[in-house]
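Written out below as structure tokens is the structure these notes cover.
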Amino acid sequence: MATREGYYVRRDNPVQEGHLKCAGVISPSSNIPSVTYDVFDVIIIGAGYAGLSSARDLCLSGFKVLLLEARDRLGGRTWTAEVEGHLYEMGGTWIYWGQPHVYREMSRYGYTKLLDSNADKVGCNYFTSWINGKPRNISYEEEGPAVERAFEIFCDVDGNGGRRIIPYPHDPHFKPEAKQWENISAAQRIDQVRAKLSELELYTLQGFVAAISGNDMNNTGFFDILRWWALSGYSTQGLYDYTETYKIPEGQSRFARTMFDEALATGNLKYAFDTLITSIKDTSVTVEATSTSGKSWSARRLISTIPLNILNRIQFQPPLSPAKSAAHSIPHIGIGAKVHMEVQGTNLRTWSAAAWPDSRIFSGRGDGITPAGNTHLVFFAGNQKGLNAQEDARHMAAEAKKLHEMEIQKVIWHNWLEDPLSEGIWCMFPPGYSFDHLDTLRARHGNVLFASADWALGWRGFIDGAIEEGTRAAMAVVKDLGFPRRVAPAL
Ligand SMILES: Cc1cc2nc3c(=O)[nH]c(=O)nc-3n(C[C@H](O)[C@H](O)[C@H](O)COP(=O)(O)OP(=O)(O)OC[C@H]3O[C@@H](n4cnc5c(N)ncnc54)[C@H](O)[C@@H]3O)c2cc1C
């Protein structure tokens with residue numbers, strides 16, 4: 001099945017919008033019968049990992065669940081496009097066995113064979129850094145220690161590698177002293193340590209931090225980078241292992257689909273894709289969700305997994321508290337781009353690069369070999385405003401070629417910033433946001449619960465965080481309603 005999402009361009013041909021094969025497209029797009037239950041137990045808005053994990057848990061517990069999703073596919077900010085026999089992860093990709101929530105699911109469903117697309121280390125084996133206006137190729141023997149030392153200095157806020165300030169990475173506010181590090185930007189922290197860094201260390205650090213944040217470092221809260229570091233075992237190698245090395249070979253869409261299929265097999269799941277919810281009304285007895293087509297559905301509880309950057313578009317009745325409205329009005333700053341290219345030959349498969357601030361490209365790297373025997377490169381970059389899709393692809397290709405000679409065959413991407421159902425990528429908080437707003441984002445509003453990777457306590461902004469949140473919301477519903485006492489259907 002093909003989704004209407006994503007962009008694909010082959011050499012200089014016109015950009016193709018959508019029509020990319022994706023295992024996350026569900027057919028039929030709805031299984032709601034014309035006669036429905038009067039009131040569901042739970043409505044879940046959004047079929048990303050937060051919504052899918054909630055739906056699966058609640059269906060298994062015997063609740064009647066209605067899952068409503070605006071896209072034509074499941075997975076939300078993760079989806080896998082299959083193009084000419086190769087899988088391209090358009091959104092969330094890398095997972096690690098140390099991420100507790102996602103690995104529990106992977107192990108449960110048997111997705112335990114992981115893929116490190118560069119494990120064999122064959123190819124050019126160097127890193128290109130844009131230093132003082134031009135690219136320089138650096139061996140990994142030189143780059144590895146540079147980035148490691150730079151990150152250790154950057155994150156050593158307490159003489160103990162950050163361990164005293166964030167002793168429990170899944171409880172980020174445990175130490176009130178952490179707030180001082182929450183108030184500064186990544187750029188301010190770089191200024192604090194700049195004098196201790198060599199030129200190479202500075203450039204590699206800047207590229208890595210920009211790739212983590214998906215934004216300018218002035219807009220990036222330093223605390224979120226420090227949290228990633230703490231969650232990764234307070235080490236640079238940990239950062240690589242946890243956040244950008246291991247993939248599910250079958251692709252995220254298949255994995256997400258497995259969770260959906262389990263919920264469906266219980267017989268307790270009704271769903272509708274292509275259904276955009278615009279308002280949520282809590283009557284105190286039931287909650288009603290209404291779509292753009294004017295259709296409404298009711299349930300005893302509602303779980304919204306709508307991402308932070310678009311949450312303020314929903315009309316709530318009764319209105320949200322001033323604290324919640326304030327929190328929803330400040331977007332997270334993860335607004336970068338992820339762009340795939342297929343390039344001729346296999347030499348660049350072990351290539352990586354960092355180019356910010358001299359290029360819109362933050363970082364890039366080889367990500368395996370396509371069936372045509374070419375290299376799959378993946379880039380993280382800033383968005384270039386005002387370009388149409390064709391110009392954007394050309395511009396990205398030109399920026400990549402400035403970094404290294406390459407013959408580009410294809411460019412494939414999803415424009416997450418202009419996607420009205422996300423308006424951003426993974427969640428990164430701006431300076432001064434977490435201590436003031438995190439608890440408010442996590443709080444319920446009457447019978448409406450909120451679950452999203454965007455306000456997870458641990459791996460916030462990750463697939464792991466989405467599942468952490470979906471699980472939490474499902475458990476809150478169980479606590480509210482108690483386990484249903486329905487007679488099991490005859491076998
Ligand atoms: C480019 C990119 C790269 C990433 N890389 C990684 C990575 O390598 N590893 C990792 O762990 N994480 C990564 N992430 C982050 C990760 O994908 C997300 O944090 C996570 O998938 C979010 O899950 P979620 O369920 O909270 O939200 P979403 O996946 O955004 O799900 C919310 C769902 O709600 C739907 N929705 C929104 N509004 C409405 C409405 N009004 N009515 C009906 N439906 C609605 C949306 O369509 C969406 O399907 C990446 C994300 C991006 C974009």
Quote the charge dipole size of segment 184-335 about the Cα centre in Debye, to the nearest 20; the model charges only the Cβ of Lys and Arg (+1) and of Asp and Glu (-1). 540
Using alpha carbon positions and the Kirkwood radius, the Rg to Rh ratio of segment 238-344 is 1.06
Nearest 10 degrees is fine. How inclined is helix 49-60 to the longest principal axis of the chain, computing both from alpha carbons? 40
Based on the mean of other beta carbon atoms within 10 Å per residue, what is the order of 238-248, 317-327, 217-227, most packed first? 217-227, 238-248, 317-327
Computed on Cα atoms, Rg of segment 309-440 relative to 2.2 N^0.38 Å comes out at 1.32
Space enclosed by the convex hull of the alpha-carbon atoms of segment 40-114, per residue, Å³: 112
Directionally averaged shadow of segment 128-273, computed from the convex hull of its alpha-carbon atoms, nm²: 12.7
Using the Kirkwood radius over Cα pairs of segment 77-140, the Stokes-Einstein translational diffusion coefficient at 10 °C and 1.306 mPa s, in µm²/s and rounded to a whole number, is 105
So, with +1 on the Cβ of K and R and -1 on the Cβ of D and E, and no other charges, what is the size of the charge dipole of segment 67-187 about its Cα centre, to the nearest 20 debye? 220
Report, please, the projected area of segment 387-480 averaged over directions, based on the convex hull of its C-alpha atoms, in nm². 9.2
Please compute P(r) over all alpha-carbon pairs of segment 161-203, binned at 10 Å starting from zero, and give each bin as a whole-number percent. 25, 41, 29, 5
Roughly how compact is segment 283-332, stated as its Cα Rg over 2.2 N^0.38 Å to two decimals? 1.23
Measuring from the longest principal axis of the C-alpha atoms of the chain, the long axis of helix 140-155 (C-alpha) lies at a number of degrees, nearest 10, equal to 60
With the alpha-carbon atoms as the only input, what is the per residue convex hull volume for the chain in Å³? 145
Helix 463-481 sits off the longest principal axis of the Cα atoms of the chain, rounded to the nearest 10 on a 0 to 90 degree scale, by 20
Once the dipole of the chain is set up from charges on Cβ (+1 Lys and Arg, -1 Asp and Glu), the residue from the list 172, 139, 335 lying farthest towards its positive end is 172
Toy charge model, Lys and Arg Cβ at +1, Asp and Glu Cβ at -1: the chain dipole around Cα centroid in debye, rounded to 20, equals 1020
Using the Cα centre of the chain as origin and beta-carbon charges of +1 (Lys, Arg) and -1 (Asp, Glu), tell me which of 154, 317, 47 is placed farthest towards the positive end of the dipole. 317
What whole-number value in Å² describes the accessible area per residue of the chain for a 1.4 Å probe? 39
Could you look at the chain and say what percent of its accessible area is carbon and sulfur, using a 1.4 Å probe and all protein chains? 51
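The values are calculated or read from the model by the stated rules, or taken from the named source; none is laboratory data. The model shown is predicted, which means the values in this text are computed figures rather than measured ones. Cβ: placed from backbone, ideal geometry, glycine included. Neighbour counts: every protein chain shown. Accessible surface areas use protein heavy atoms only, side chains included; no ligands, DNA or RNA. Shrake-Rupley method; radii C 1.70, N 1.55, O 1.52, S 1.80 Å.
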